[in-house]
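Heads up, the thing below is written out as structure tokens.
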Amino acid sequence: QVQLVESGGGLVQPGESLRLSCAASGIAFSIYDMGWLRQTPGKRRELVATFTRAGTTYYDDSVKGRFTISRDNAKATVYLQMNSLKPEDTAVYYCRANRNANNIYWGQGTQVTVSS
């Protein structure tokens, strides 16, 4: 059974930091592209960052320079370090494991709220 378990969300003030973690089990983690997406009520889920199996990274323009994605294949875990958080970063953050169209898995989501 495949499981992606996110942790690390919470309530912070603008300018503060959070580190999200996503621990995977039931998949060959190293051959999956790992990503973080976020969603706010009434909007589509949007891609925030990815770390591919080949070792390349991608960031949405809105988080470049503030967020860093990393992965530890030995621990089957992907991280999202979020610095200089803004109120517009408030969302539910989801972890995604993607190998191909038939092998896409999601975590349950973790709430991040940035508010003073």
Just to check, using Stokes-Einstein with a Kirkwood Rh over alpha carbon pairs, what's the diffusion coefficient of the chain at 10 °C and 1.306 mPa s in µm²/s?
113
Expressed as a percent, the accessible surface of the range 1-100 that is carbon or sulfur, using a 1.4 Å probe and the full set of protein chains, is 46
Quick one: dipole size for the chain, taken about the Cα centre, charges +1 on Lys/Arg Cβ and -1 on Asp/Glu Cβ, in debye to the nearest 20.
180
Take the alpha carbon atoms of the range 50-94, find their radius of gyration, then divide it by 2.2 N^0.38 Å using N residues; give the quotient.
1.23
Average accessible area per residue (Å²) across the chain - probe 1.4 Å, nucleic acids and ligands excluded:
53
Between S30 and E88, how high is the FRET efficiency from 1/(1 + (r/R0)^6) when r is the Cβ-Cβ distance and R₀ = 30 Å? Nearest 0.05.
0.35
In straight Cα distance, which lysines are under 27 Å from K75, not counting same-chain residues fewer than 8 positions off?
K64
I'd like the accessible area for Y79: 1.4 Å probe, protein heavy atoms, all chains in place, Å² to the nearest 10.
30
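The values are calculated or read from the model by the stated rules, or taken from the named source; none is laboratory data. These numbers come from a predicted model, not from an experiment. Neighbour counts run over all protein chains shown; Cβ positions are idealised from the backbone, glycine included. Accessible surface is based on the protein model in full, side chains and every heavy atom, while ligands, DNA and RNA are left aside. Shrake-Rupley method; radii C 1.70, N 1.55, O 1.52, S 1.80 Å.
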